[in-house]
Amino acid sequence: MKKVNLLKTALCIVLTAFLLNACNDGDGYSMDDAWYSIVTVNPLNDDAYSLTLDNGTTLWPAATAVPYSPKQKRRAIAVYTILSDKFQGYDHAVKILDIQNVLTKAVASDLGDKNDEEYGNDPVSILNMWIGDGYLNVEFLFKSGDMGIVHYINLLKTEHADTPYYFEFRHNAYGDNTLYAQKGIVAFDLSDILGEEEIELTVKINTFEGELTKKITFKPADAKTEIKMEKVDVDTVKYNNIIK
């Protein structure tokens, strides 16, 4: 994590006005383009933070349209414009148009016979599941009602013969009814598991169509590949806040 000192903070303030007007057509970036990425937020002090994309690309928020003061390292959805490249050791200086925390959790403990009671086993539909920047990231659909119940989401590591990295994706709806389809996103910290060796994760999921098992291979070299940032209309990015 990079340290921020008073000199750097002051310099960033001075350069922000310049960066807001900077646009290098040769780089293919435009101030009119909004980009969408799932990122890791790295707090630096009470007022500053940096962002890391899944492949290690770093972003420095030189300007922002929304207040945001992260208290801990976590995943988030960021919408931003690119102001410049190669800014003070970061790959890009950006303006944050919107940023929303993603539910970020550690892997849950196996409670044996009490797993269903604590973690539930209500169905979901998996939209996307991938490893990025040391996290297992899951986009999924679930059903909720009109009672304001917050659903409980976990990744449970269990013992399984001949499968050292066996997990269960768990959803506890706490008896909520199923009136509406909701989209959720969650990130699980795998920093204690992932290293310099290739490993295969097996994840069991209870879906609306029945039990599903997904296998995800982690290759350390994949973390260094190019990641395409996705252009997006800011107004189309919607979030869900009824999961914990």
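The values are calculated or read from the model by the stated rules, or taken from the named source; none is laboratory data. Small disclaimer: the values here were computed from a predicted structure and weren't measured. Virtual Cβ from ideal backbone geometry, glycine too; neighbours counted across all protein chains shown. Only protein heavy atoms, including side chains, enter the accessible area calculation; ligands, DNA and RNA are left aside. Shrake-Rupley method; radii C 1.70, N 1.55, O 1.52, S 1.80 Å.
Need the failing condition index for Phe140 against (1) open to solvent by less than 20 Å² (accessible area, probe 1.4 Å); (2) outside any strand (DSSP E or B), just the number.
Failing condition for Phe140: (2).
State the number of residues belonging to segment 154-186 that are open to solvent by 70 Å² or more (accessible area, probe 1.4 Å), of a type in the set (A, V, I, L, M) and either closer than 16 Å to Tyr135 by Cα or in a strand (DSSP E or B) (or both).
Total meeting the criteria: 1.
If you scan segment 29-72, which residues turn out to be touching a Gly at 6+ places or on another chain (Cβ under 9 Å) and either part of a loop (DSSP other than H, G, I, E, B) or over 23 Å from Tyr135 (Cβ atoms) (or both)?
If the condition is that a residue be touching a Gly at 6+ places or on another chain (Cβ under 9 Å) and either part of a loop (DSSP other than H, G, I, E, B) or over 23 Å from Tyr135 (Cβ atoms) (or both), then Leu53, Asp54, Asn55 are the ones that fit.
May I ask you to list the residues in segment 187-229 that are among the polar types (S, T, N, Q), open to solvent by 30 Å² or more (accessible area, probe 1.4 Å), at pLDDT 90 or above and farther than 21 Å from Ala161 by Cβ?
Selection gives Ser191 alone.
Asn115 - would you say it is at pLDDT 95 or above, surrounded by 14 or more Cβ atoms within 10 Å (Cβ to Cβ) and over 28 Å from Ser37 (Cβ atoms)?
When the stated conditions are applied, Asn115 passes them.
Among the residues of segment 187-215, write down those that are outside any strand (DSSP E or B) and within 21 Å of the chain's Cα centre (by Cα).
Leu190, Ser191, Asp192, Ile193, Leu194, Gly195 - these are the residues of segment 187-215 that are outside any strand (DSSP E or B) and within 21 Å of the chain's Cα centre (by Cα).
If you take the residues of segment 111-137 that are assigned to a loop (DSSP other than H, G, I, E, B) and out of contact with any strand residue (DSSP E or B) (no Cβ under 6 Å at 6 or more places or on another chain), which of them is farthest from Glu209 (Cα to Cα)?
Applying the filter and picking the extreme gives Gly134.
Testing Ile82 on (1) crowded, with 18+ Cβ neighbours inside 10 Å; (2) of a type in the set (A, V, I, L, M); (3) modelled with pLDDT of 95 or more, one condition comes back false. Which one is that?
(3)
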